[in-house]
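The values are calculated or read from the model by the stated rules, or taken from the named source; none is laboratory data. Remember, predicted model here, so these are calculated numbers, not experimental data. Heads up, the Cβs are rebuilt from the backbone with ideal geometry, glycines too, and the neighbour counts pull from every protein chain shown. To get the accessible areas, we keep the full protein, side chains included, count just its heavy atoms, and leave off ligands, DNA and RNA. Shrake-Rupley method; radii C 1.70, N 1.55, O 1.52, S 1.80 Å.
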Amino acid sequence: MIKRPRRLRKTAQIRNLVHETSLDVSDLIYPMFIIEGETEEISSMPGIKRYSLDDLPKALKEVISAEISAVLFFGIPKNKDENGSGAYEENGIVQQAVRLTKKLYPDLIVITDICLCEYTSHGHCGVLEGNCISNDKTLPLLAKAAVSCARAGADMVAPSDMMDGRIGAIRNALDENGFSDTLIMAYSVKYSSSFYGPFRDAANSAPSFGDRKSYQMDFRNKKEAITETQLDIDEGADIVMVKPGLPYLDILKTTSDTFSVPVAAYHVSGEYSMLKAAAQNGWIDEKAAVLESLTAMKRAGAKMIITYYAPNAAKWIKGE
Ligand code: PBG
């Protein structure tokens, strides 16, 4: 036998020498829920909390000690209304969290999710016109939300609503208001997915009627991923995202092979909860399964990964 692939797997040292994909702490972005009110556990996501502003500094201290360089904030307001006005209030929950975080840790990259669903009484990501979600009436509100977050000090905004033209609307509004350096991470390839279930529980943002299939993508489609990403890049996206993560590695690979901008993968709530539940039952080795999942996303082309496992993964990567 001339060729014996097992020779390259003989010892840990040889495997380390030839390995192709690595996972670094600097790849990780930690999503955090900020609630107006008291800190709460999230029953469908064991280990993840909705943090009050009072408890946020302590949580951030752990993020910093894990050497995580970026956080992604989601706001959970006390009051919701038809037009999701909490999303673009100067003193909204996320805007307050951003100000506090940047004051404590100016170097921590603060990203804010831009969407209306956590703030609307009906739970949809845009403004209603009858029972339809009006694309064009939603755009100025998303732009206002992005500007208010930039004004609070956010380094990056991440629109997750899936309205057409939102990246252009947000880029223009940011530039007009003097925030030409604020980055946009576009949720370009966001599928309508059952794997967001625990998030909607966490953010109390499930739609009160219907579903999100008229704006989020159909999981039977792949070419649409190219159309959506191309549009977002043309409209000014700095980073594009594919979401969910593990069940969509083919899409991640296509996106990263096709475009030259950095690609992020979102390891979503349902993926977290499945791993957590299996681990809690003793059915899988949590650390090994999480690192394998995250490495698979890197191998498929992700430059960075948004994951609820970020603090643990950071420790595991560093061998702690
Ligand atoms: C808001 C938003 C959602 C997620 C990120 N931003 C929920 C949704 O679209 O229903 C999902 C994140 C996750 O499941 O971890 N639109």
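Computed values, structure above
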quantity: Distance in nm between pseudo-label sites at Ala288 and Asn16 (7 Å out along the Cβ direction from Cα); calculated: 1.9 nm
quantity: Shape call, segment 201-320: gyration tensor on alpha carbons, a/c limit 1.5; calculated: oblate
quantity: Pairwise label distance in nanometres, Leu53 with Phe219, each label 7 Å out on the Cα-Cβ vector; calculated: 3.8 nm
quantity: FRET efficiency estimate (nearest 0.05) - Cβ-Cβ, Asp175 to Ser65, R0 30 angstrom; calculated: 0.25
quantity: Cα-centre dipole for segment 1-96 with unit charges at Cβ (Lys and Arg positive, Asp and Glu negative), debye to 20; calculated: 1520 debye
quantity: Three-way shape call for segment 214-260 based on the alpha-carbon gyration tensor, with the a/c threshold at 1.5; calculated: oblate
quantity: Hz values of 3J(HN,Hα) by residue in segment 69-82 - Karplus curve (6.51, -1.76, 1.60), Gly and Pro given as x; calculated: 9, 9, 10, 10, 9, 10, x, 10, x, 6, 10, 10, 9, 3
quantity: Helix 93-104 vs. the chain, principal-axis angle (Cα, 0 to 90°, nearest 10); calculated: 60 degrees
quantity: Cβ-derived FRET efficiency at R0 41 Å, Ser208 paired with Lys318, nearest 0.05; calculated: 0.40
quantity: Within segment 178-291: Cβ-based charge dipole about Cα centre, in debye rounded to nearest 20 (Lys, Arg +1; Asp, Glu -1); calculated: 400 debye
quantity: Heavy-atom accessible area order for Leu116, Leu17, largest first, 1.4 Å probe; calculated: Leu17, Leu116
quantity: 3J(HN,Hα) from dihedral phi, segment 149-156, Karplus parametrisation 6.51/-1.76/1.60, rounded to Hz, x for glycine, proline; calculated: 6, 4, 4, 6, x, 4, 7, 8
quantity: Selected from Ile76, Leu28, Leu53, residue furthest toward positive end of dipole (segment 11-168; charges at beta carbon); calculated: Leu53
quantity: Estimated dipole of the chain in Debye, rounded to 20 [Cβ of Lys and Arg +1, of Asp and Glu -1, Cα centre]; calculated: 1680 debye
quantity: Highest-MSF residue in the chain out of Lys190, Lys58, Lys253 [GNM, Cα springs under 10 Å]; calculated: Lys58
quantity: Rounded Å value of the spacing that divides the Cα centres of segment 43-81 and segment 238-272; calculated: 23 Å
quantity: Calculated FRET efficiency for the pair Ile226/Val25, C-beta based, R₀ 45 Å, to 0.05; calculated: 0.90
quantity: Reach of Lys223 by Cα under 24 Å, taken over lysines that are not fewer than 8 positions away in the same chain; calculated: Lys190, Lys213, Lys243, Lys253, Lys298, Lys303
quantity: Two-site label geometry, Ser192 and Arg9: point separation in nm, points 7 Å out along Cα→Cβ; calculated: 4.2 nm
